[in-house]
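Inspection log for the structure reproduced underneath, given as structure tokens.
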Amino acid sequence: MIYQNYASIYDAIGQTAFAATLAERILAALPHRPRRALDLACGTGAATFVFAAAGLTTVGVDRSPQMLAFAHARARAAGFAVTLIEADLRALPITTIAEASPHQPTLEPASFDLITCLYDSLNYLTADNELAQVLTSVSYLLKPGGHLFFDLNTEHEFKTWTESDQVVYDDQGILVYNRLNYDPDRRLAAGHIGWFVRDDTGRWWPGSETHTERAWSDNDVEAALTAAGLTLVARRTPRWEPAPADAPRIVYHAYK
Ligand SMILES: C[S@@+](CC[C@H](N)C(=O)[O-])C[C@H]1O[C@@H](n2cnc3c(N)ncnc32)[C@H](O)[C@@H]1O
């Protein structure tokens with residue numbers, strides 16, 4: 001399983017900055033402040049806590065208990081009353097209030113006016129039907145008129161994944177290196193993340209994970225949104241400019 005050991009260095013190496021910035025841009029772009037937000041694949045809570053700090057009732061979902069443990073710790077430290085649910089995007093616990101168990105938090109249909117899934121989390125869906133399946137669940141959870149934002153690494157990005165053992169972070173006793181490659185026939189990219197963490201005695205401890213991401217095409221995304229009953233509003237770069245055709249990463253905005 002991924003995002004287990006990696007969770008222990010995720011925040012320390014600055015991985016939350018991307019989604020935190022994007023969450024601010026999303027809030028600024030919406031005509032009305034949403035009331036209820038769902039942050040899918042929330043990880044340690046990068047966007048979740050931006051929404052909570054802005055006063056939204058916020059739910060975060062992730063399948064990694066290790067990432068969620070860091071999110072719980074951040075929520076406690078900041079005093080945020082967010083709900084965090086351990087679940088797979090492909091099997092979200094969607095239940096009406098009447099059916100819900102008091103012991104197991106669930107997601108109520110048509111109850112969110114903002115849903116996000118940030119930092120290429122949907123690239124982790126690799127089987128043909130999975131993007132449409134997850135977007136259909138998202139559509140079911142959105143209120144009519146509700147907004148969805150997600151970003152994807154595109155094939156233009158993955159085609160640059162040729163580097164080997166390149167150090168991408170080296171600070172404060174943590175060194176991280178990547179080994180990346182892309183198989184265009186299978187449209188699958190593999191990112192091997194290796195790291196060393198230095199303890200107080202000066203000893204270096206190694207860790208590693210290999211993450212597989214799928215290159216969903218723009219046509220795949222449009223078809224999945226349409227099948228889910230969602231309308232595409234815009235494709236932007238993370239800097240919030242219109243995304244060019246060869247963008248390495250696209251932020252999709254859709255509404256129900
Ligand atoms: C790159 S991290 C992004 C986390 C967070 N959104 C952020 O920006 O910091 C990807 C996250 O997706 C989660 N994830 C990947 N596949 C998932 C799935 N099928 N269901 C739920 N979570 C998933 C991982 O556990 C991880 O926390």
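In whole percent, what relative contact order does the chain give with Cα contacts below 8 Å and a gap of six or more residues?
17 percent.
Which one of Phe196, Val134, Ser217 is farthest out on the positive end of the charge dipole of the chain, using unit charges on Cβ (Lys, Arg +1; Asp, Glu -1) and the Cα centre as origin?
Positive-end residue among those listed: Val134.
Sort the following peptides by mean Cβ neighbour count (other Cβ atoms within 10 Å, averaged over residues), highest first: 65-73, 241-249.
Listed from highest to lowest mean packing, they are 65-73, 241-249.
Quickly work out the Arg76-to-Thr201 label distance, labels modelled 7 Å from Cα along the C-beta direction, and quote it in nm with one decimal.
2.7 nm
Would you mind putting 222-228, 114-120 in packing order, based on average other-beta-carbon counts within 10 Å, highest first?
114-120, 222-228
Between region 31-46 and region 179-220, what is the separation of their alpha carbon centroids in Å?
Between the Cα centre of region 31-46 and that of region 179-220, the gap is 26 Å.
Less than 15 Å from a label point 7 Å out along the Cα-to-Cβ axis of Ser8: which backbone N atoms in region 144-183 qualify, by residue?
Once the point is set 7 Å along Cα→Cβ of Ser8, 173-176 turn out to lie under 15 Å by backbone N, inside region 144-183.
What FRET efficiency comes out for the pair His32/His156, r = Cβ-Cβ distance, R0 = 22 Å, nearest 0.05?
0.05
Can you give the % of DSSP beta bridges in the chain that are antiparallel, to the nearest 5?
Approximately 65 percent, going by the DSSP bridge assignments.
How much length would be gained if the chain were fully extended between Thr237 and Glu222, taking 0.36 nm per residue of separation minus their Cα-Cα distance, in nm to one decimal?
Taking Thr237 through Glu222 to full extension adds about 3.7 nm, to one decimal.
Bear in mind that the values in this text are calculations on the coordinates, not laboratory data. The shown structure was predicted, so the numbers you read here are calculated from the model rather than taken from an experiment. Positions of Cβ are backbone-derived with ideal geometry, glycine not excepted, and every protein chain shown enters the neighbour counts.
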